[in-house]
Amino acid sequence: MTCAGAAAARSLWRLRAGNQRPLSACGRRIGVRFRSSGTTLDGISRAAVDRIIRVDHAGEYGANRIYAGQMAVLGRTSVGPVIQKMWDQEKDHLKKFNELMVAFRVRPTVLLPFWNVVGFALGAGTALLGKEGAMACTVAVEESIAHHYNNQIRTLVEEDPAKYGELLQVIRKFRDEELEHHDLGLEHDAERAPAYTVLKSIIQAGCSVAISLSERL
Ligand SMILES: [Fe+2]
Ligand SMILES: [Fe+2]
């Protein structure tokens, strides 16, 4: 059985047995406990944790598709290695949220097929404006994601930082890496993209809609 499959099986067994011990994924403790009702967590509601994991998974999935689109256009240019490095980190982010979805038994958003196409089109489309366009897209998206992660960190810290320790650790680490991507975008001339301010505003408005929809659907 795969690591993810084993985690799912353990989670299911514990829920059925009404077991209140912390769940674990591949030996790593996860600081959220289910109550025997199976519908609420200690403190924060089950629905809130579902939303956090579902939307973060969707965001990391979308980020992967954006970098895939950028690489399809700019992979062989001077910024190819920079984009590849950011994409590699996004792959790690997505892998982690895939694991968390299994461990917490959260379903993905139904919009994944849509984000698949939209993410790639956004990455490739802005890359067609040149490397500055791709970097402007990176700055806009990463700033939105970092802001979104900061909101989640605030929510979890206000609730119980000890209880949600592992989730907080993951989100903080990813927030810091998204900010590094943001800074890399600026270092590689994002602000020299055509209509940078307008482009950034449009992309960030799209990110807000994507976040809102992915939390709920
Ligand atoms: Fe990411
Ligand atoms: Fe990123």
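The values are calculated or read from the model by the stated rules, or taken from the named source; none is laboratory data. Model, not experiment: these values are computed from the prediction. Cβ sites come from the backbone with ideal geometry, for glycine too, and all protein chains shown count toward neighbours.
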Review point. Can you name the residue in the stretch 59-106 that is closer than 30 Å to residue 164 by Cα and not in a helix (DSSP H, G or I) and, of all such residues, is nearest to ligand 2 (Cβ to nearest atom)?
Key: 106
Review point. Hey, any hits in the stretch 17-29 for a residue that's modelled with pLDDT under 95, away from ligand 2 (no atom under 16 Å from the Cβ) and in a helix (DSSP H, G or I)?
Key: yes
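Test residue 179 against the stated conditions and say whether it is within 16 Å of ligand 1 (Cβ to nearest atom), within 24 Å of residue 88 (Cβ to Cβ), more than 18 Å from the chain's Cα centre (by Cα) and in a helix (DSSP H, G or I). Walk me through how you get there before you give the answer.
Values: within 16 Å of ligand 1 (Cβ to nearest atom): yes; within 24 Å of residue 88 (Cβ to Cβ): yes; more than 18 Å from the chain's Cα centre (by Cα): no; in a helix (DSSP H, G or I): yes.
It is false that residue 179 is within 16 Å of ligand 1 (Cβ to nearest atom), within 24 Å of residue 88 (Cβ to Cβ), more than 18 Å from the chain's Cα centre (by Cα) and in a helix (DSSP H, G or I).
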Study note, to complete from the structure: Among residues of the stretch 161-176 being away from ligand 1 (no atom under 14 Å from the Cβ) and in contact (Cβ under 8 Å) with a residue 60 or more places away in the chain, the residue surrounded by the most Cβ atoms within 10 Å (Cβ to Cβ) is 164
Revision key, fill the gap. Of the conditions (1) charged (D, E, K, R); (2) loosely packed, with under 15 Cβ neighbours inside 10 Å; (3) within 16 Å of ligand 1 (Cβ to nearest atom), the single one that residue 158 does not satisfy is (3)
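For residues that are closer than 14 Å to residue 83 by Cα and either touching a Leu at 6+ places or on another chain (Cβ under 6 Å) or within 10 Å of ligand 2 (Cβ to nearest atom) (or both), tally how many sit in the stretch 142-193.
Looking only at that region, the number is 8.
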Revision key, fill the gap. Of (1) at pLDDT below 95; (2) part of a helix (DSSP H, G or I); (3) surrounded by 15 or more Cβ atoms within 10 Å (Cβ to Cβ); (4) hydrophobic (A, V, I, L, M, F, W, C), residue 134 fails just (1)
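Does residue 122 satisfy the condition of being in contact with a strand residue (DSSP E or B) (Cβ under 9 Å, 6 or more places away or on another chain), more than 12 Å from ligand 2 (Cβ to nearest atom), closer than 21 Å to residue 210 by Cα and touching a residue at least 60 places away in the same chain (Cβ under 8 Å)?
Numbers: in contact with a strand residue (DSSP E or B) (Cβ under 9 Å, 6 or more places away or on another chain): no; more than 12 Å from ligand 2 (Cβ to nearest atom): yes; closer than 21 Å to residue 210 by Cα: yes; touching a residue at least 60 places away in the same chain (Cβ under 8 Å): yes.
Spelling it out, it is not the case that residue 122 is in contact with a strand residue (DSSP E or B) (Cβ under 9 Å, 6 or more places away or on another chain), more than 12 Å from ligand 2 (Cβ to nearest atom), closer than 21 Å to residue 210 by Cα and touching a residue at least 60 places away in the same chain (Cβ under 8 Å).
Residue-by-condition table, conditions (1) β-branched (Val, Ile, Thr); (2) closer than 30 Å to residue 107 by Cβ:
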{"residue": "184", "(1), (2)": "no, no"}
{"residue": "189", "(1), (2)": "no, no"}
{"residue": "199", "(1), (2)": "no, no"}
{"residue": "203", "(1), (2)": "yes, yes"}
{"residue": "206", "(1), (2)": "no, yes"}
{"residue": "214", "(1), (2)": "no, yes"}
